[in-house]
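The structure under discussion appears below in the form of structure tokens.
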Amino acid sequence: MEDWMSSEEDYGSSDRESPDGFENEDSDSHWMPSKGPSSKVITKVSLLAAQKEDLRRVMEVLSLREHHARTLLIHHRWDVEKVLAILVEKGKALLFAEAGVTVAENNNFDTPESSSTELCNICIEEVAGSEVTRMDCGHCFCNNCWTEHFIVKINEGQSKRIRCMAHKCFAICDEAVIRNLVSKRHPDLAEKFDRFLLESYIEDNKMVKWCPSVPHCGNAIRVEDDEFCEVECSCSLQFCFNCLSEAHSPCSCLMWELWTKKCRDESETVNWITVNTKPCPKCHKPVEKNGGCNLVSCICGQAFCWLCGGATGRDHTWSSIAGHSCGRYKEDREKKAERAKRDLYRYMHYHNRYKAHTDSFKQESRLKETIREKISNLEARDSKLRDFSWVTNGLYRLFRSRRALSFSYPFAFYMFGDELFKDEMTKEEREIKQHLFEDQQQQLEANVEKLSKYIEEPFDEYEEAKIMNIRMQVINISVITDNLCKKMYECIENDLLGPLQFSVHNIAPYQAKGIEKAVELTVGWSTKTISNQCPKADDQTNGGGIESDQPSASGTSDESGCPSRKRARKGSFGDSLIDLNYLPAEAIDGN
């Protein structure tokens, strides 16, 4: 029993069930070539390390200090490859100018002496030289004006890119200066500033997003290759990385959004009312006909003709109503009712099949305990069979194929309807493509039902010869089902969505082994490496002038004068790392 479950240590043990009720298994790895995971889980512990790794790459290539590298990455949404591509294409000067980075390569600025006084051009007051701060761009103002400027910008949600106060200066202020000045007056605001800087790695990074779990698990997911994919967080929640809704391939995100809205609102109720009722001409309430006579009466007492909806008297026979004739054909009204009836029947066709496979999926998810019992019974019989991986592999293949099949019906509803692609295909092209897709869909459906039948067989009660026959059937149908799923996805991507000219719909690629579970991020660089690469400079103890290789304030500088890049930020955070259990909504509200 332990052998067949050895690769499933977390089999059903998580408090938060994944959409298919199962973890990804390793036992069918021979079906697909093994490769490293392409998605990573970023926890509150590893977030700082992930951010530092990207900062380190830019700092090494461009020989920048940390706050300059951060400004570049925030401007380009933490896309290191894009930063390097722009560097090669446009050069360093234009790269820096676009992001608002000002690097003082030659220190030609006069450093105010502590005994002298300086005129602040903001408040027009003479202040001591020790009470002014000069930014990398060369503009120098008093610390009080700088602090007020920083406080306003942080409260306005602009803490990630605070610009210099000087007129028409687009340089981004040194985060060390901001932290140093703000913390003296508002330590809690300095903490908020640091948290926004840290969370910008998630908020501004298109390849990193918060897990949409409720309640929030505190994790974020980073994908390496394509943002149009489906991932599984360490909390076992499976979701679409692009739209953060439940995993829905082969539907595109727009199709799934429209489908869930259509199933959720009352649009189909309105269609039913349109098809099966007529409005009363007096009170305008919908009236359903419950008899054969075409003279109907509303609860308000008004009699009217069911054929045309016009108000009438009550004198009538089976063939006519006294003083009323409506034999003339009204094309628009008939067309509207017929169209509403056709749309309703079409929706019911796809929705009924979608719901049927979804319900089957839920019922089959309970098979895991039944499979455990069957295998226990076979082991108790001292059977010659010892390898039961074919059962678990077939079960997982059933889950994945059933889910793909269920979501293929909402896809077909929009793909071959008039709502999204009316102008993309002619009627003849639509019919040809619909027949091609439905043929593959029906083949997949037939084999999924066969696989479900064999999996549910009470094979623990059979003789070994019959068990071997079921084993071969499960293995063969599992391979066939996998190939049919792959072909259906290829048909959707290449034959249906690929030729579209006026719209773009991307779907998550087919994964034979199921949705990949993200692994926790591990950063392969040591803190000593960053420490050794730090440029040496004298420590600066006040907010005055700057040296060429050090920030203009000592808010996060170590003894060597290097910005503190080799440890988690402390100070206003206490002795622990930044707590990322704040919900992303708080950061959004703050912004």
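The values are calculated or read from the model by the stated rules, or taken from the named source; none is laboratory data. Worth saying up front: this structure is predicted, and the values here are computed from it rather than measured. Please note: Cβ atoms are built from the backbone with ideal geometry, for glycine as well, and neighbour counts cover all protein chains shown. Quick note on the areas: whole protein, heavy atoms, side chains included, nothing else; ligands and nucleic acids left out. Shrake-Rupley method; radii C 1.70, N 1.55, O 1.52, S 1.80 Å.
A compact table of results
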{"quantity": "Residue 421 vs. criteria outside any helix (DSSP H, G or I) and among the aromatic types (Phe, Trp, Tyr)", "calculated": "yes"}
{"quantity": "Verdict on residue 152 being touching a Phe, Trp or Tyr at 6+ places or on another chain (Cβ under 8 Å), aliphatic (A, V, I, L, M), outside any strand (DSSP E or B) and without any contact (Cβ under 8 Å) to a residue 60 or more places away in the chain", "calculated": "no"}
{"quantity": "Test: residue 460 is under 33 Å from the mean Cα position of the chain (by Cα) and on the phi < 0 side of the Ramachandran plot", "calculated": "no"}
{"quantity": "Candidate set from region 420-437 (those that are under 32 Å from the mean Cα position of the chain (by Cα) and surrounded by fewer than 14 Cβ atoms within 10 Å (Cβ to Cβ)); member that is nearest to residue 389 (Cα to Cα)", "calculated": "436"}
{"quantity": "Subset of region 397-428 (residues that are more than 21 Å from residue 490 (Cα to Cα) and touching a residue at least 24 places away in the same chain (Cβ under 8 Å))", "calculated": "419, 423"}
{"quantity": "Given (1) open to solvent by less than 40 Å² (accessible area, probe 1.4 Å); (2) among the hydroxyl-bearing types (Ser, Thr, Tyr); (3) modelled with pLDDT under 90, index of the condition residue 319 fails", "calculated": "(1)"}
{"quantity": "Residues satisfying the stated conditions in region 485-504, i.e. at pLDDT 90 or above and either among the small types (Gly, Ala, Ser) or crowded, with 21+ Cβ neighbours inside 10 Å (or both)", "calculated": "485, 488, 492, 496"}
{"quantity": "Qualifying residue in region 292-302 (condition: at pLDDT 80 or above, closer than 29 Å to residue 407 by Cβ and surrounded by fewer than 19 Cβ atoms within 10 Å (Cβ to Cβ))", "calculated": "no"}
{"quantity": "Residue within region 405-419 that is touching a Pro at 6+ places or on another chain (Cβ under 9 Å) and open to solvent by 30 Å² or more (accessible area, probe 1.4 Å) present", "calculated": "no"}
{"quantity": "Residue within region 276-287 that is under 48 Å from the mean Cα position of the chain (by Cα) and in a helix (DSSP H, G or I) present", "calculated": "yes"}
{"quantity": "Test: residue in region 28-38 that is modelled with pLDDT of 85 or more, more than 30 Å from residue 129 (Cβ to Cβ) and among the acidic types (Asp, Glu)", "calculated": "no"}
{"quantity": "Residue list for region 242-258, filter: more than 17 Å from residue 211 (Cβ to Cβ) and open to solvent by 50 Å² or more (accessible area, probe 1.4 Å)", "calculated": "254, 257"}
{"quantity": "Whichever residue in region 177-205 is in contact with a strand residue (DSSP E or B) (Cβ under 8 Å, 6 or more places away or on another chain) and not hydrophobic (A, V, I, L, M, F, W, C) and, among such residues, is most open to solvent (accessible area, probe 1.4 Å)", "calculated": "183"}
{"quantity": "Only one of 215, 250 that is under 17 Å from the mean Cα position of the chain (by Cα), farther than 23 Å from residue 70 by Cα and modelled with pLDDT of 90 or more", "calculated": "250"}
{"quantity": "Filter result for residue 224 (under 30 Å from residue 516 (Cβ atoms) and not basic (Lys, Arg))", "calculated": "yes"}
{"quantity": "Hits in region 47-66 - residues which are in contact with an Asp or Glu (Cβ under 7 Å, 6 or more places away or on another chain) and open to solvent by 10 Å² or more (accessible area, probe 1.4 Å)", "calculated": "59"}
{"quantity": "Members of region 369-391 found to be part of a helix (DSSP H, G or I) and open to solvent by less than 30 Å² (accessible area, probe 1.4 Å), listed by number", "calculated": "371, 374, 375, 378, 390, 391"}
{"quantity": "Residues located in region 344-367, provided they are over 24 Å from residue 249 (Cα atoms) and either surrounded by 13 or more Cβ atoms within 10 Å (Cβ to Cβ) or of a type in the set (Gly, Ala, Ser) (or both)", "calculated": "344"}
{"quantity": "Test: residue in region 365-383 that is within 34 Å of the chain's Cα centre (by Cα) and more than 18 Å from residue 460 (Cβ to Cβ)", "calculated": "yes"}
{"quantity": "Condition check for residue 358: out of contact with any Asp or Glu (no Cβ under 7 Å at 6 or more places or on another chain), polar (S, T, N, Q) and over 22 Å from residue 263 (Cβ atoms)", "calculated": "no"}
{"quantity": "The listed residue being closer than 24 Å to residue 509 by Cβ and in a helix (DSSP H, G or I), out of 412, 446", "calculated": "412"}
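Residue by residue, here is whether (1) surrounded by fewer than 18 Cβ atoms within 10 Å (Cβ to Cβ); (2) under 21 Å from residue 200 (Cα atoms); (3) not hydroxyl-bearing (Ser, Thr, Tyr) holds:
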residue	(1), (2), (3)
132	no, no, yes
135	no, no, yes
141	no, no, yes
144	yes, no, yes
148	yes, no, yes
155	yes, yes, yes
161	yes, yes, yes
166	yes, no, yes
171	no, yes, yes
